[in-house]
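First comes the structure, then the notes that go with it.
The values are calculated or read from the model by the stated rules, or taken from the named source; none is laboratory data. Predicted model only: the values in this text are computed from it and were never measured. Here the Cβ positions follow ideal geometry from the backbone for every residue, glycine too, while neighbour counts run over all protein chains shown. With ligands, DNA and RNA removed, areas are computed over all heavy atoms of the protein, side chains included. Shrake-Rupley method; radii C 1.70, N 1.55, O 1.52, S 1.80 Å.
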Amino acid sequence: MTPVTISSLAIIFFAAIIHASFQLSVSVLTLLSGHSIGKKTAQQKIFRMSNSFVIGVLTTTLLLISSVSYFLSLLVHHVTSAEQLVAAIVSGMMFGLGIAIWAFYYRRQPGTSLWIPRGFADYLNKRTKKTKNSFESFALGLTSVIAEIIFIIAPVIAASLAIITLPNPLLQVAGVVTYIIISILPLLIIIVLVGGGHNISSLQKWRENHKRFIQFASGGSLLILAAFMFVDRVIGVISYGGSLW
């Protein structure tokens, strides 16, 4: 493997881990499972609804990273030095978002309340209570990704820029699949734990006890990735002969 390929794979992997650390989809899935269990919904139906929710998240993430990758591939092939410009912009975005996550991702109150407006949080809570079938769960998964796109978009752009610099289509597809699998891994873990009989309240307690660590790790990881991309794809591009292509 060339140094560019190795650094691209590292960026994809690290960006996906950052994406996975964001908590809105996790919160909504936890609420959905909790409300369903509270209504004494059959375990098999809870499993189907949870799977549909994750498929909704997966679909939105796939569409997002595919469309961004396609747009960036057109841009960098038609605009001189576009890859350095995009890398510089996304590095700045990640730096700003990393600071923002440290500052206000979690609200300063007990529990796991996130940054989203209270009106929208109430809507999601009511929506999860009313969700009764797989189609509504799928739509809820779509909504949870779109609602947090302000944070998700930076690692998605970083991963997309890395994906399009991979040397062949097979590796690019593998990069997309890897990103998606890692980004939804916390949701899959929740499904396994709930299906295995773990109490939702214990999962929530764990999230509350570790929320500051997750907040610090998410923000710090964005800062690290921002610095790495700037050095590797903006400053270090000279060492690749002036271009990653």
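How many residues, within the range 90-119, are under 22 Å from Arg207 (Cα atoms), modelled with pLDDT of 80 or more, among the small types (Gly, Ala, Ser) and surrounded by 14 or more Cβ atoms within 10 Å (Cβ to Cβ)?
2
Enumerate the helices (runs of 4 or more DSSP H) found wholly within the range 3-87, keeping only those where 2 or more residues are more than 30 Å from Lys126 (Cα to Cα) and over 19 Å from the mean Cα position of the chain (by Cα).
Those helices (runs of 4 or more DSSP H) span 3-21, 43-78.
Filter the range 28-58 down to residues that are within 23 Å of Arg118 (Cβ to Cβ) and open to solvent by 20 Å² or more (accessible area, probe 1.4 Å) and give me whichever is modelled with the highest pLDDT.
The selected residue is Leu31.
Based on this model, can you work out whether Ala16 counts as open to solvent by less than 30 Å² (accessible area, probe 1.4 Å) and at pLDDT 95 or above?
Numbers: open to solvent by less than 30 Å² (accessible area, probe 1.4 Å): yes; at pLDDT 95 or above: yes.
Considered against the rule, which asks whether it is open to solvent by less than 30 Å² (accessible area, probe 1.4 Å) and at pLDDT 95 or above, Ala16 comes out as yes.
Quick check: anything in the range 195-210 in contact with a His (Cβ under 8 Å, 6 or more places away or on another chain) and either open to solvent by less than 40 Å² (accessible area, probe 1.4 Å) or small (Gly, Ala, Ser) (or both)?
Step one: filter the range 195-210 for residues in contact with a His (Cβ under 8 Å, 6 or more places away or on another chain), giving none.
Within the range 195-210 (the criterion being in contact with a His (Cβ under 8 Å, 6 or more places away or on another chain) and either open to solvent by less than 40 Å² (accessible area, probe 1.4 Å) or small (Gly, Ala, Ser) (or both)), the answer is no, since none of the residues qualifies.
Might you check whether a residue that is assigned to a helix (DSSP H, G or I) and under 15 Å from Gln23 (Cβ atoms) occurs anywhere in the range 156-177?
The answer is no, given that none of the residues of the range 156-177 is assigned to a helix (DSSP H, G or I) and under 15 Å from Gln23 (Cβ atoms).
Check the range 120-138 and report whether any residue there is touching a His at 6+ places or on another chain (Cβ under 9 Å), at pLDDT below 90, open to solvent by less than 70 Å² (accessible area, probe 1.4 Å) and in a loop (DSSP other than H, G, I, E, B).
Checked against the condition, which is being touching a His at 6+ places or on another chain (Cβ under 9 Å), at pLDDT below 90, open to solvent by less than 70 Å² (accessible area, probe 1.4 Å) and in a loop (DSSP other than H, G, I, E, B), the range 120-138 yields at least one hit.
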